[in-house]
Amino acid sequence: MSDYETIIAEVHDRVGLIRLNRPRAFNALNSQLMRELTDALAAFDADEDIGAIVITGSERVFAAGADIKEMSTATPVDMLTSGYIDLFDRIRQVSKPIVAAVSGFALGGGFELAMTCDMIVASESAQFGQPEINLGIIPGAGGTQRLTRTVGKYLAMEIVLNDRRLTAEEAARFGLVNRVVPVERYLDEAMELAQQLAARAPIALRIAKESVNKALETPLSEGLAYERRVFYLLFATEDQKEGMDAFMHKRKAEWKGK
Ligand code: CAA
């Protein structure tokens with residue numbers, strides 16, 4: 001884990017913390033950073049001692065988007081064959097909950113990265129936007145899709161077509177972030193949230209994440225049928241027996257992840 005150059009990966013109890021770390025480039029997400037980030041996420045996902053993950057930047061910047069200097073001379077074929085955008089799909093495939101701890105700028109791919117996470121804790125200084133239109137392009141890592149599903153057509157149009165920026169308070173009002181806290185608290189708050197998640201029944205947590213994500217991709221009848229099937233499936237786990245026995249005997253459940 002110590003071999004990374006553009007991120008810092010740490011473990012705090014059962015939480016894996018990843019800090020984006022290209023301060024001189026405002027944490028621009030170049031291909032090395034995206035590769036290291038997705039490798040670290042995959043390693044945390046495979047580690048039984050980790051229950052949840054936090055991704056953060058610095059107080060000043062979460063991430064200022066894809067690396068414009070790296071992309072500026074690219075051809076469509078370069079963009080296709082580099083697999084750069086596909087790396088965002090690898091984040092989506094992580095089975096454990098990911099909390100984004102966002103302070104300062106979350107722009108372009110930085111905002112898209114935050115939206116790929118499962119929950120967002122923002123500092124009061126956070127600023128969200130999709131400024132790609134200023135570069136003669138559009139968001140390419142989910143910005144037109146995830147944003148629109150969350151805030152609706154009209155606001156999404158303004159953000160994507162006219163570079164409307166959102167303050168942390170606005171983002172909270174439009175359902176884009178879970179909570180807004182003072183700058184000095186945002187990382188602690190995200191870590192506490194992740195510790196709570198990491199203490200929960202691991203298989204139920206994983207299935208719960210999958211099921212909520214399913215709601216964004218399927219018609220209601222299909223989503224309900226999916227939910228029912230995985231709900232039944234959880235009765236095959238030792239954790240279901242343990243959780244219900246603990247409730248009935250008024251004791252704390254001890255999860256096995258089995
Ligand atoms: N890519 C590469 N370098 C970047 C960068 C980016 N996205 N954002 C900032 N930097 C670099 C700057 O080039 C500058 O480096 P130098 O000192 O070597 O010139 C350094 O970071 C500091 O930036 P500024 O001098 O511009 O600092 P500022 O405080 O005046 O402004 C900012 C900060 C508002 C974040 C501004 O840098 C900015 O607007 N950045 C670009 C944001 C953007 O357009 N993002 C979208 C990228 S495209 C994308 O993300 C596509 C996608 O969907 C995946």
Selected residue [aromatic (Phe, Trp, Tyr) and open to solvent by 20 Å² or more (accessible area, probe 1.4 Å)] from PHE111, PHE105: PHE105
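Might you check whether a residue that is in contact (Cβ under 8 Å) with a residue 60 or more places away in the chain, within 13 Å of the ligand (Cβ to nearest atom) and crowded, with 24+ Cβ neighbours inside 10 Å occurs anywhere in the range 64-75?
Taking the range 64-75 as the starting set, the residues that turn out to be in contact (Cβ under 8 Å) with a residue 60 or more places away in the chain are 65-66, 68.
In the following step, the residues that additionally are within 13 Å of the ligand (Cβ to nearest atom) were identified as 65-66, 68.
Narrowing the set further to residues that are crowded, with 24+ Cβ neighbours inside 10 Å leaves 65-66.
Checked the range 64-75: at least one residue is in contact (Cβ under 8 Å) with a residue 60 or more places away in the chain, within 13 Å of the ligand (Cβ to nearest atom) and crowded, with 24+ Cβ neighbours inside 10 Å.
Out of the range 192-204, which residues are in a helix (DSSP H, G or I) and open to solvent by less than 30 Å² (accessible area, probe 1.4 Å)?
To start, the set of residues in the range 192-204 that are in a helix (DSSP H, G or I) comprises 192-198, 202-204.
LEU193, ALA194, LEU197, ALA198 - these are the residues of the range 192-204 that are in a helix (DSSP H, G or I) and open to solvent by less than 30 Å² (accessible area, probe 1.4 Å).
What number of residues within the range 214-236 satisfy the criterion of being open to solvent by 60 Å² or more (accessible area, probe 1.4 Å), part of a helix (DSSP H, G or I) and out of contact with any Asp or Glu (no Cβ under 8 Å at 6 or more places or on another chain)?
Qualifying residue count, the range 214-236: 13.
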Pair list, Cβ under 7 Å, 6 or more apart: the range 20-31 residue in a helix (DSSP H, G or I), other residue open to solvent by 60 Å² or more (accessible area, probe 1.4 Å) and not hydrophobic (A, V, I, L, M, F, W, C): SER31/GLU70; SER31/SER82
Residue in the range 48-59 that is within 14 Å of the ligand (Cβ to nearest atom), closer than 24 Å to ALA198 by Cα and in contact (Cβ under 8 Å) with a residue 40 or more places away in the chain present: yes
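Results for (1) within 9 Å of the ligand (Cβ to nearest atom); (2) open to solvent by 70 Å² or more (accessible area, probe 1.4 Å); (3) of a type outside the set (Ser, Thr, Tyr), shown as yes or no for each residue.
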position: GLU124; (1), (2), (3): no, yes, yes
position: GLN127; (1), (2), (3): yes, no, yes
position: GLY152; (1), (2), (3): no, no, yes
position: ALA168; (1), (2), (3): no, no, yes
position: ALA172; (1), (2), (3): no, no, yes
position: LEU176; (1), (2), (3): no, no, yes
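Specify the residue that is farthest from LEU113 (Cα to Cα); the eligible residues are those in the range 81-91 that are within 14 Å of the ligand (Cβ to nearest atom) and not β-branched (Val, Ile, Thr).
Step one: list which residues in the range 81-91 are within 14 Å of the ligand (Cβ to nearest atom), which gives 82-89, 91.
From what is left, the residues that are not β-branched (Val, Ile, Thr) are 82-84, 86-89.
Details: SER82: 18, GLY83: 16, TYR84: 13, ASP86: 12, LEU87: 11, PHE88: 7, ASP89: 10 Å.
Filtering the range 81-91 for residues that are within 14 Å of the ligand (Cβ to nearest atom) and not β-branched (Val, Ile, Thr), the one farthest from LEU113 (Cα to Cα) comes out as SER82.
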Any hit, the range 167-184, residues being of a type in the set (D, E, K, R) and more than 23 Å from ILE55 (Cα to Cα): no
Residue satisfying all of: in the range 138-150; open to solvent by 80 Å² or more (accessible area, probe 1.4 Å) and free of Cβ contacts under 8 Å to residues at least 40 places away in the same chain; farthest from the ligand (Cβ to nearest atom) among these: GLN145
Candidate set: the range 76-101, residues that are surrounded by fewer than 13 Cβ atoms within 10 Å (Cβ to Cβ) and of a type in the set (Asp, Glu); chosen: the one farthest from the chain's Cα centre (by Cα): ASP78
Neighbours by Cβ (under 6 Å, 6+ apart or cross-chain): first from the range 199-215, over 14 Å from GLY257 (Cβ atoms); second among the aromatic types (Phe, Trp, Tyr): LYS214/TYR226
Hits in the range 4-19 (condition: closer than 17 Å to ASP47 by Cα, part of a strand (DSSP E or B) and charged (D, E, K, R)): GLU10
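The values are calculated or read from the model by the stated rules, or taken from the named source; none is laboratory data. From a predicted model like this one, the values you see are computed outputs, not experimental measurements. Virtual Cβ from ideal backbone geometry, glycine too; neighbours counted across all protein chains shown. SASA here: full protein model, heavy atoms, side chains in, ligands and nucleic acids out. Shrake-Rupley method; radii C 1.70, N 1.55, O 1.52, S 1.80 Å.
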